Each structure stands twice: as C-alpha cells, then as structure tokens.
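The values are calculated or read from the model by the stated rules, or taken from the named source; none is laboratory data. Bear in mind that the values here come from a model prediction, so they are computed numbers and not experimental data. Here the Cβ positions follow ideal geometry from the backbone for every residue, glycine too, while neighbour counts run over all protein chains shown. The accessibility values were calculated without ligands, DNA or RNA, using every heavy atom of the protein model including side chains. Shrake-Rupley method; radii C 1.70, N 1.55, O 1.52, S 1.80 Å.
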Amino acid sequence: IVIAASGADHVIRDDYVKVGLELREDASRLEAARQLGLSANVHLLRNDGRVIVTLRGQPVADAGLLLRLVHPTDANRDQEVTLTLDGNVYRGLLPQPVAGRWLLQLEPVDHSWRLAGELAADASAVALGVES
C-alpha cells in the first residue's frame with residue numbers, strides 16, 4: 001500500500017506501448033499518409049536481405065525512406081534500413097537475414113508520414129497502406 005500510495009512511476013509513460021515496443025502507430029502520421037494517397041509494395045528477398053519498395057501516391061521522399069522491421073516478441077532483433085531511390089523503386093540491404101513474421105513501418109527520413117503492415121512468416125512481399 002505504501003508503494004502504491006507514494007505516487008506514479010515516472011519511468012513508465014502513458015504511451016509505453018509505442019515507446020517500449022514500437023507497436024502502436026502514431027495516428028497523425030498514418031493520417032498524413034492517407035491524405036497523400038500513399039501506398040507501397042515491399043518485396044523482401046529473405047536469403048540475401050535485399051529490399052525493394054514501390055511507393056505509390058504523391059511523389060515524396062527523394063531523400064530516401066526508412067524501413068523498420070519490428071520483431072513481434074524480441075526487440076533485440078529489430079532492424080532498420082535506409083532505402084534510396086533507384087529509378088522508380090527504393091532499394092536497400094538489411095544488416096541481417098530475416099526469418100519469421102515481422103511488423104513493418106515505412107516512412108520518409110523526416111518522419112512526416114508512415115505506412116504500416118505485417119509480413120507473414122512465409123511471405124516475401126506485402127502491400128502497405130492505411131487500409132491494410
């Protein structure tokens with residue numbers, strides 16, 4: 001009772017799910033992606049770690065995109081790769097091979113919008129969009 005009555009734990013934030021596990025999307029950035037009419041196809045070549053992303057909608061992110069692969073149960077396995085524009089697609093190389101199911105977050109380097117989705121354990125491609 002003394003511990004509970006002594007006050008709130010200031011280490012834990014009210015948005016702890018997003019901060020600790022990066023699972024809760026920021027609704028304002030998802031809404032920004034919807035307003036821009038953005039969607040993307042992500043192709044992940046699991047054997048060699050190559051990533052190819054086709055972005056549809058208003059042309060943005062000439063500076064590149066960030067693709068974050070969030071492991072559903074082990075934050076130590078999370079990965080992030082910077083994708084650079086190559087013709088009509090964005091390309092990048094993951095630092096480590098990936099297996100299993102992953103949560104994906106795609107955003108520009110300025111973090112102004114976000115697309116999110118889930119890559120199934122047996123899949124090599126996924127469509128991202130605010131409706132997916």
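May I ask you to say which residue of N76, N47 is assigned to a loop (DSSP other than H, G, I, E, B) and either farther than 26 Å from A27 by Cβ or modelled with pLDDT of 90 or more (or both)?
N47
Quick check: is even one residue across the stretch 88-95 open to solvent by 50 Å² or more (accessible area, probe 1.4 Å) and in a loop (DSSP other than H, G, I, E, B)?
yes
If S112 passes every condition in (1) polar (S, T, N, Q); (2) over 18 Å from T54 (Cβ atoms); (3) buried (at least 18 other Cβ atoms within 10 Å of the Cβ) but one, which one does it miss?
Unmet condition: (3).
Which of the residues that make up the stretch 66-81 are within 18 Å of A116 (Cβ to Cβ), surrounded by fewer than 15 Cβ atoms within 10 Å (Cβ to Cβ) and of a type in the set (S, T, N, Q)?
T73
Which of the residues that make up the stretch 36-58 are open to solvent by 80 Å² or more (accessible area, probe 1.4 Å) and closer than 14 Å to S112 by Cβ?
Q58
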